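What follows is a single structure, written as structure tokens, with notes after it.
Please treat every number below as a calculation from the coordinates, not as lab data. Every value quoted in this text rests on a predicted model; they were computed, and no experiment measured them. FYI the Cβ positions are ideal-geometry reconstructions off the backbone, even for glycines, and counts take in every protein chain you see.
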Amino acid sequence: MYMPVNSLNHANAVPIAASAARPDGRISPFARAEWFDLLAAHCFDPAAVATVHASDGHAHVWLPLVRTGPATCRAAANWYSFSYGPVGTPPAVAAALTALAAELRRDTARVTLAPVSARDGSLPALTAAFRAAGW
């Protein structure tokens, strides 16, 4: 299931779960719904902010993004974001992230994700998921 929304606070959005974590299982201050809500409210055009969500019913993964053009987007991050990556709930986040990347590929030609950390598992998780999805 893939759910694009116009705002991180959109009524139809599946909210980022309080228990969501980065791939290494830790909860980063930059991987919390409150952080993305602040960015959406104060740093970006609210109409351009979107979060993509994928779930198999048990695992959930979110990737907050900002649309930068008709077929391009970038990480919902700014200078204060020390790290960026997928936010998910176990189990099987990898499969949900691959499904998210595959759906994102349908209407997006370029995705720029930064700053992505290898230390928390985000870089290998994103690389594997996007490669498996044909990026």
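Just a few scattered comments:
- Calculated P(r) tail over 17 Å for the range 34-133, as whole % of Cα pairs: 49
- Our summary of shape: the Cα atoms of the range 23-80 have principal axis extents of 31, 25, 16 Å, ordered from largest down, in whole angstrom.
- Loop-resident sites, the range 29-113, for trypsin sites (Lys or Arg not before Pro), counting at most 11 other Cβ within 10 Å (DSSP): R106
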